[in-house]
Amino acid sequence: MGGDKPIWEEISMTTRIPELVICPDHRQVFMFSAVTWNRHHIHYSKDAAIREGLPDVVVQRGLIGNFLARLLTDWVGEKGELRKLAWKVTRSALPGKDIVCRARIREKFDSEDEKYLICEVTAFSEKDETIASGEAMVVFTNNHGPN
């Protein structure tokens, strides 16, 4: 593909979307709870998380979704926008452990004004266990500048 960002005509079902590896720390998890007004104690108190049967505080569902969104927006850049994202968390993620976000193109189609990619998105633990999975729609519009 030309340059760092995808060009619509060069995208195929085998186009590789670079994975995002991120290691949230306790501070980021705490601050995400603060900014989103998430007062659930399992996100900031290790003692409370342990009482709930967890090994440590856990990364919020919303923060995992933010990582999945970042994976796609980092890849597409100014060429398009993330229009939809839906995901389900199936396993807890812990601060201090890598989260590996991956996406693959499942569909590519266009209309008169916009071009669409439907992508499967998945977040894995550093042990390659699925943490979350879902679907995203990335839209390339004719208004996003030159290819």
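Looking at this structure, is PHE124 touching a Gly at 6+ places or on another chain (Cβ under 7 Å) and part of a strand (DSSP E or B)?
The answer is no for PHE124.
Across segment 57-109, what is the number of residues that are among the hydroxyl-bearing types (Ser, Thr, Tyr) and in a helix (DSSP H, G or I)? Even if it seems obvious, please write down each step before you answer.
Of segment 57-109, the ones among the hydroxyl-bearing types (Ser, Thr, Tyr) are 73, 90, 92.
Cutting the leftovers down to in a helix (DSSP H, G or I) gives us 73.
Residues that pass the stated criteria total 1.
Name the pairs whose Cβ atoms lie under 6 Å apart, with the first residue in segment 89-118 and open to solvent by 80 Å² or more (accessible area, probe 1.4 Å), the second among the charged types (D, E, K, R) and in a strand (DSSP E or B), and 6 or more positions between them or separate chains?
ARG104/GLU120; ARG106/GLU120
Has segment 57-73 got at least one residue that is more than 28 Å from MET137 (Cα to Cα) and in contact (Cβ under 8 Å) with a residue 24 or more places away in the chain?
Just the residues of segment 57-73 that are more than 28 Å from MET137 (Cα to Cα), to begin with: 57.
Next, from what is left, pick out any that are in contact (Cβ under 8 Å) with a residue 24 or more places away in the chain: 57.
Yes, that holds for at least one residue.
Please specify each residue of segment 54-81 satisfying the condition of being open to solvent by 50 Å² or more (accessible area, probe 1.4 Å), of a type outside the set (Asp, Glu) and either at pLDDT below 95 or in contact with a strand residue (DSSP E or B) (Cβ under 8 Å, 6 or more places away or on another chain) (or both). Walk me through how you get there before you give the answer.
If we filter segment 54-81 for residues that are open to solvent by 50 Å² or more (accessible area, probe 1.4 Å), which is where we start, we get 55, 61, 66, 70, 73-74, 78, 81.
Pick out the ones that are also of a type outside the set (Asp, Glu) and you get 55, 61, 66, 70, 73.
The answer is PRO55, ARG61, ARG70, THR73.
Does ALA34 count as open to solvent by less than 20 Å² (accessible area, probe 1.4 Å), over 19 Å from the mean Cα position of the chain (by Cα) and farther than 25 Å from GLU19 by Cα?
Details: open to solvent by less than 20 Å² (accessible area, probe 1.4 Å): no; over 19 Å from the mean Cα position of the chain (by Cα): yes; farther than 25 Å from GLU19 by Cα: yes.
Considered against the rule, which asks whether it is open to solvent by less than 20 Å² (accessible area, probe 1.4 Å), over 19 Å from the mean Cα position of the chain (by Cα) and farther than 25 Å from GLU19 by Cα, ALA34 comes out as no.
Could you look through segment 46-82, keep only residues that are of a type in the set (S, T, N, Q) and touching a helix residue (DSSP H, G or I) at 6+ places or on another chain (Cβ under 9 Å), and pick out the one that is farthest from TRP8 (Cα to Cα)?
So the first thing to find is which residues in segment 46-82 are of a type in the set (S, T, N, Q), and the list is 60, 66, 73.
Add one more test, that the residue is touching a helix residue (DSSP H, G or I) at 6+ places or on another chain (Cβ under 9 Å), and what stays is 60, 66.
Numbers: GLN60: 33, ASN66: 24 Å.
Per the stated criteria, the residue is GLN60.
Taking segment 1-45 only, how many residues are free of Cβ contacts under 8 Å to residues at least 40 places away in the same chain, part of a helix (DSSP H, G or I) and over 18 Å from LYS115 (Cα atoms)?
Residues that pass the stated criteria total 10.
Output yes when any residue across segment 88-100 is more than 30 Å from LEU54 (Cβ to Cβ) and in contact with a helix residue (DSSP H, G or I) (Cβ under 8 Å, 6 or more places away or on another chain), and no when none is. Break it down into steps so the answer makes sense when it comes.
Step one: of segment 88-100, the residues more than 30 Å from LEU54 (Cβ to Cβ) are none.
No, the conditions are met nowhere in segment 88-100.
Looking at this structure, is ARG83 under 17 Å from GLY62 (Cα atoms) and of a type in the set (Lys, Arg)? Steps first, please.
On the way: under 17 Å from GLY62 (Cα atoms): yes; of a type in the set (Lys, Arg): yes.
Yes: the conditions hold for ARG83.
Being open to solvent by 60 Å² or more (accessible area, probe 1.4 Å) and part of a strand (DSSP E or B) is the requirement here; does PHE140 meet it? Give the derivation first.
Details: open to solvent by 60 Å² or more (accessible area, probe 1.4 Å): no; part of a strand (DSSP E or B): yes.
Spelling it out, it is not the case that PHE140 is open to solvent by 60 Å² or more (accessible area, probe 1.4 Å) and part of a strand (DSSP E or B).
The values are calculated or read from the model by the stated rules, or taken from the named source; none is laboratory data. Please read all numbers here as calculations on a predicted model, not as lab measurements. FYI the Cβ positions are ideal-geometry reconstructions off the backbone, even for glycines, and counts take in every protein chain you see. Ligands, DNA and RNA are excluded from the accessible area calculation, which covers all protein heavy atoms including side chains. Shrake-Rupley method; radii C 1.70, N 1.55, O 1.52, S 1.80 Å.
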